[in-house]
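Structure first, then comments.
The values are calculated or read from the model by the stated rules, or taken from the named source; none is laboratory data. Since we're looking at a predicted model, the values are computed, not measured. Every residue, glycine as well, gets a Cβ built from its backbone with ideal geometry; the counts of neighbours run over all protein chains shown. Side chains included, ligands, DNA and RNA excluded: accessible areas come from the protein's heavy atoms. Shrake-Rupley method; radii C 1.70, N 1.55, O 1.52, S 1.80 Å.
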Amino acid sequence: MNEIKRDGKIDQDVTSANESNVVLQNGGYHMHTFSDVKEIYFAYIHDEKDRKMIENAYNFVKKKHDGIFRKSGEPYLQHLIEVAYIVASLQGGPTTIAAAFLHDVVEDTDTSIEDIKRMFGEDCARIVDALTKIQRLKLSHRTEEEFAAEDHKKIFLGMAKDVRVIIIKLADRLHNMRTVKALRPERQHALAKETLEVFAPIAHRLGIYRIESELEDLSLEIEKPAEYKMIATELDQKIKNRSRALNSLKKKIADILIAQNIKFEIESRIKSIYSIYKKMYLKGHTFDEIYDFLALRIITETELNCYEILGLIHANFKPIPGRFKDYIAMPKPNMYQSLHTSIIAGDGNIFEVQIRTKEMDEIAETGVAAHWRYKEGTHYSPKQEQHEIEEKLHWFRDFLHINHQTQDKSATEYMESLSKDIFEANVYVFTPKGKVIDLPNGSTPLDLAYKIHTKVGDSAVGALVNNNLVPLNTVLKTGDIVEIKTSKTSPGPNESWLNIVKTSSAKSHIKKFLQKKNASFLREDKIRQGKQVAVEFFKERGLDEKETINLLSTEKVLENYQVSTIDDLFVGIASHNPNPGQIADFLGIKKKADTEIKFSKKENFDDDNCPVTVDGQTGLKITLGNCCTPIPGDSIIGFVTKGNGITVHRINCPNVSGLTSRLIDVHWKENLGIKSYPVDISIECLDRQNLVADILNTFNSNKIKCTEMTAKMHPDSSHTTVFAQIYVSDANVLSHIVDVLKSMKDVYEVKRVIH
Ligand code: MN
């Protein structure tokens, strides 16, 4: 009877060693030496320089980790040898094996990445750097609330960005799990849980079945010791009971194949304990319902051989209906290819038979690693390596596309998401609560803010990155802990933000905000302007404001100018399209020669208290324009009205700006004294409580008389315009109070109003 080795590997061979095709002999838990590692890589690495590099890495860590022991009592060096051994078993290249030796040297000794770069080159240093960073995140130390497994996978793949880093990390974890029992029980559980939720799925995704199933079995033993023991015991018993039947079946098959002159090897494979556990405890099967716990694997040379062997087996044994699966024609998304069938052996037992080529077997066992195997004679610059990897992924995609169009979609998606996870330089950052957010490379806190919520983005003012306050345009790195600072008083996005953000969603939010803001500001302004122009124009033709508005609101006018509201018409008038004169012509309203031009006026002055002089003339009736409320210090101009003296306007008042005749130079008198003059101002603010009260208080404390105040809210942009009429003695006083207002919380613009 064959001895069953349970050496922690995925597949045990219950038959004699000369029938075995096991490539990865990791030797279970017995300790390897550097010579063992050497023996493996000498078989496929022949270049003297490459061999020397690996040996140098080994000698370097031997010295650096000298005197350091692991919790299990063995020298630290042992861990490094085992990790390198696993990597070499997967046929990693010289740089990868060297990096496997060096993977803990930066974190645990006084060696720097620069040292590694100097001694072992940039490529190797990059791998060690990534491994050091992953190590420093101490992900398995986080609590469950802080961390979801999915996040953890993302951050790990995002930091690795290189299949070689992932393979070394998986090898590192594999050896740590093999020796996990030396740790405290809490650490054992934390590592086992993390292994099951993060590392085994990654190994699965990459198709590295050997590592996956060993990681799973080791973790299950920690997490569910009773179930593990039960399955292991029962499995051993069943295999013992069936080994005679198995051996006779193997012999029969061998005879048939030899007679047909087909080259082959036969192995026996035992299902992993974890996969039996899953079938029993997660899918509710009993042990007896698991037919494939023991399988025969026939490895042959060509795809055609596989189908020939299948035909021979079906011809000689009774197949179980519905158990045949052709994964050669329809590979699994992780590249697995094989034929599966179940047959009834002579003793009535059911056996699963797997038929595949050597190459398929290799891919089944080591997945992506099989594609990444080191090939001599290729110069492996990181760039070329990356290129090659992508070529391989393309090749695989195209291959699937041509051969199996029905399977194409899921497989393509798989390969795309795989290459995206690994090769696209995404950045993964944490929120202070430990949530992971992935962002494209080059992203800034603003991208993160918009990813959290549009409102967070719109009110972002700064960010804390790893507890340092940084500007919003700081480029984030994977592993950064980022907290967004927001302020209700933030004026919101501006044009420059578009250059800061990387994500298209943030860009579109900012654009939307700006468009809305500009549109509403612009439109209100235009309506006001247009209305003013129109009212002034028609005033000259004898219409007051109300009459003008009534006139322009008529269907006839709106229709003629193809607008739907009078506001739209005002917007047009503001840009001289149409001019009020054209409207008047259209309506046939003639200018009345005798009509007096009336500017509304507030106050007439007699000579003595009039603040304005007209080039030394006296006895003139002078009025300060109510439209632009000029005050001493403003640049002014006089307008000669018909029969009503002179109205004084600010030089930039639109009511006089178009005029060429009837203007006259006027000047402020000197020494005007303390009389104050009304000024209308508008104050643009972000809406908040007590805003109007605060503005009033500001006037009071600055001894400014305020006679009128109205506030107009703009609910969709959450800002408010406050209109105030205040009294000031001159432009200096006005400019001072404007500055005071602008310095108030939430106030961002103060303007004089022209009616
Ligand atoms: Mn390690």
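Quick check on segment 202-256: what does the Kirkwood estimate of hydrodynamic radius come out to from the alpha carbon pairs, in Å? Each step should come with its number before you reach the end.
Working: mean 1/r = 0.0735 Å⁻¹.
Across segment 202-256, the inverse of the average 1/r is 13.6 Å.
What whole-number value in cubic angstrom gives the convex hull volume per residue for the C-alpha atoms of segment 621-748?
In segment 621-748, the Cα hull volume divided by residue count equals 125 Å³.
Each label point is 7 Å from the Cα along the Cα-to-Cβ direction; what then is the distance between the points at GLN260 and CYS706, in nm?
About 9.8 nm, to one decimal.
Using a 1.4 Å probe, how large is the accessible area of GLU547, given in Å² and rounded to the nearest 10?
90 Å²
Just the number: Rg to Rh for segment 607-668, Cα atoms, Kirkwood Rh, two decimals.
Working: Rg = 10.6 Å, Rh = 11.5 Å.
Rg divided by Rh gives 0.92.
Please compute one quarter of the surface area of the Cα convex hull for segment 515-587 and express it in square nanometres.
Mean projected area for segment 515-587: 4.5 nm², to one decimal.
What is the diffusion coefficient of segment 296-353 in µm²/s, taking the Kirkwood radius over Cα pairs and the Stokes-Einstein relation at 4 °C with a viscosity of 1.567 mPa s?
Approximately 108 µm²/s, per Stokes-Einstein.
Give me the Debye-computed log₁₀ of I(q)/I(0) at q = 0.23 Å⁻¹ for segment 268-328, equal point scatterers on Cα only, no solvent, two decimals.
-1.07
Using alpha carbons only, how many angstrom separate the centre of segment 558-575 from the centre of segment 677-755?
Taking the Cα centre of each part, segment 558-575 and segment 677-755 sit 31 Å apart.
Where both residues lie in segment 232-365, what percent of DSSP beta bridges are antiparallel, nearest 5?
Just about 75 percent of them are antiparallel.
Once the piece of chain linking ALA519 and ASN468 is laid out straight, how much longer is it, given 0.36 nm per residue of separation minus the C-alpha distance between them?
Taking ALA519 through ASN468 to full extension adds about 14.6 nm, to one decimal.
So how far apart, in nm, are the two label points at ASN494 and MET330 if each is 7 Å from Cα heading toward Cβ?
6.1 nm
Output the Cα-based Rg and Dmax of segment 677-752 in Å, rounding Rg to one decimal and Dmax to a whole number.
Rg and Dmax of segment 677-752, Cα atoms, are 11.6, 37 Å.
Give me the extension gain from ASN652 to VAL563: residue separation times 0.36 nm, minus the current Cα-Cα distance, reported in nm with one decimal.
29.1 nm
Ignoring ligands, DNA and RNA, what accessible area per residue does segment 515-587 give at 1.4 Å, in Å²? Each step should come with its number before you reach the end.
On the way: 4190 Å² over 73 residues.
Per-residue value: 57 Å².
Please state the shape class of segment 183-232: rounded when a/c is under 1.5, otherwise prolate if a/b exceeds b/c and oblate if not, all from the C-alpha gyration tensor.
Numbers: a/c = 2.85, a/b = 1.36, b/c = 2.10.
Note, shape of segment 183-232 comes out oblate.
Normalise the Debye intensity by I(0) for segment 208-358, one equal point scatterer per Cα, no solvent, then take log10 at q = 0.11 Å⁻¹ and round to two decimals.
-0.46
At a 1.4 Å probe, what is the % contribution of carbon and sulfur to the accessible area of segment 515-587? Mind showing how you got there, number by number?
Numbers: 2060 of 4190 Å².
Accessible surface attributable to carbon and sulfur in segment 515-587 totals 49 percent.
Suppose we look only past 17 Å in the calculated P(r) of segment 222-280. What percent of the Cα-Cα pairs does that tail hold?
Of the Cα pairs, 53 percent sit more than 17 Å apart.
Return the whole-Å distance between the Cα centroid of segment 67-98 and the Cα centroid of segment 262-329.
First find each Cα centre; the distance between them is then 34 Å.
So, with a 1.4 angstrom probe, what is the percent of accessible area on segment 232-365 that is carbon and sulfur?
Working: 3170 of 6120 Å².
In segment 232-365, the share of accessible area belonging to carbon and sulfur is 52 percent.
Shape call for segment 165-278 from the C-alpha gyration tensor, a ≥ b ≥ c root eigenvalues: rounded (a/c under 1.5), prolate (a/b greater than b/c) or oblate?
In terms of gyration-tensor shape, oblate.
What nm value, rounded to one decimal, do you get for the distance between ALA182 and TYR727 when each label is placed 7 Å out toward the C-beta?
Output for this residue pair reads 9.0 nm.
Could you give the distance between the Cα centres of segment 471-492 and segment 643-670, to the whole Å?
About 52 Å separates the Cα centre of segment 471-492 from the one of segment 643-670.
Here is the link list: LYS229/LYS435; LYS229/LYS433; LYS703/LYS745; LYS62/LYS169; LYS169/LYS224. Which ones come out longer than 29 Å on Cα distance?
LYS229/LYS435; LYS229/LYS433
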